[in-house]
Structures are given as C-alpha cells and as structure tokens.
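Just so it is clear, none of the values below were taken in a lab; they were calculated from the coordinates. This is a predicted model, so every value here is computed, not measured. Counting neighbours? That spans all protein chains shown, and the Cβs are built from the backbone with ideal geometry, glycine included.
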Amino acid sequence: MSDFLIRTATASDAPAIVALIRELADYEKLEAGFALDEAAVIRDLLGTACHTDLAVVDGAAVGIAVWFWTYKTFGAARGLYVEDLYVQPVFRGRGLGRALLAHLAGKAEGSFMEWQVLDWNTPSIEFYKSLGAGPRDSWINYRLQGEALRELAS
C-alpha cells in the first residue's frame with residue numbers, strides 16, 4: 001500500500017490522537033484506566049515529553065506511533081522507546097504498521113528501538129518477530145504508582 005503518508009502530529013490532530021489511543025485502549029482491554037484528553041495530547045504528546053507520528057490515508061489518521069527518547073548508560077546509547085503503536089483494524093495488513101516502525105527506525109538509526117507488548121497479543125508478537133524483534137530476557141518491568149508512590153515521595 002503506497003496511498004498513505006506518515007507525518008508528525010500537530011495540535012489540530014488532538015481529537016484524532018485521542019480517538020486512536022482510545023481504540024488501542026479498548027483493543028488492549030485497558031479502557032477502564034483511559035484518561036487521555038485533547039489537553040494532555042497538546043501538553044505531552046507533541047514533542048515535549050513524547051512525540052507522535054500518524055499514518056494518514058485520504059486525510060484521515062488511521063495509525064499512530066507515540067514515542068520518546070530513552071538512554072542506556074551502560075552502552076552510552078540513545079534509543080527510541082515506542083509507547084504506543086496502533087493501526088485501525090480495517091487498515092491492517094497493508095504495511096502501515098511496518099511503515100510506522102520503519103519511520104521510527106530511521107530516527108533511531110545506529111542505536112535501538114524497544115517497546116512492550118501484552119503477552120496475549122499473539123498477532124502483534126508475530127508481527128514484531130517477523131521484523132526481527134524479540135523479547136529481552138531477564139528483565140521484568142516494575143511500576144510504582146498511586147498510594148505507594150505518594151508514600152515513597154513523602
């Protein structure tokens with residue numbers, strides 16, 4: 001499929017970004033924790049804390065990649081962390097997901113890209129494997145939030 005373009009999101013894309021991320025949250029069965037709104041998109045996702053790139057078909061955003069720079073001190077390497085990658089189901093299988101990741105790979109050239117995938121998401125896991133990606137053995141993600149975070153901060 002070559003009738004799409006990938007571009008950097010702007011503030012006018014905030015409604016489409018919220019809609020795409022809401023679809024992703026629904027797909028990942030995480031809609032209960034969904035809190036993103038247009039103000040947060042404008043504040044956080046347009047090049048300050050994170051960056052957002054869109055796959056656009058006929059003027060409509062149908063795919064999204066939200067990403068930010070990360071750094072690995074042991075390797076002295078800046079890399080790219082993909083926070084969200086989503087293509088609307090009707091547009092899957094046409095190369096948009098691959099194109100979004102290829103676009104990001106160009107930014108991370110000579111370094112690395114990483115992301116997380118839910119363990120039950122077999123279609124995505126197979127897609128990532130087809131690109132040559134694999135899980136990082138020996139690393140377990142931890143998170144501190146809510147009351148535990150407040151308690152530690154006090």
Based solely on C-alpha atoms, express the radius of gyration and the Dmax of segment 5-153 in angstrom. 15.9, 49
Given the chain, longest segment not containing exposed loop chymotrypsin sites (Phe, Trp or Tyr not before Pro) (DSSP; at most 16 other Cβ within 10 Å): 35-73
Straight-line reach from Lys107: which lysines have Cα under 25 Å away, leaving out those fewer than 8 places along the same chain? Lys72, Lys129
Helix by helix through the chain, keep the DSSP H runs that span 18 Å or more along the axis on Cα and average at least 0.0 on Kyte-Doolittle, and give those back in order. 14-27
Within the chain, which is the longest segment containing none of the trypsin sites (Lys or Arg not before Pro) that sit in a DSSP loop and have at most 10 other Cβ atoms within 10 Å? 30-135
Filter the GluC sites (Glu not before Pro) in segment 93-133 to those in DSSP coil with at most 12 other Cβ atoms within 10 Å of their Cβ, and list the result. Glu109
Considering only C-alpha atoms, what is the centroid distance from segment 91-154 to segment 46-77, in Å? 12
Dipole magnitude of the chain, debye to nearest 20 (Cβ charges: Lys/Arg +1, Asp/Glu -1, about Cα centre): 460
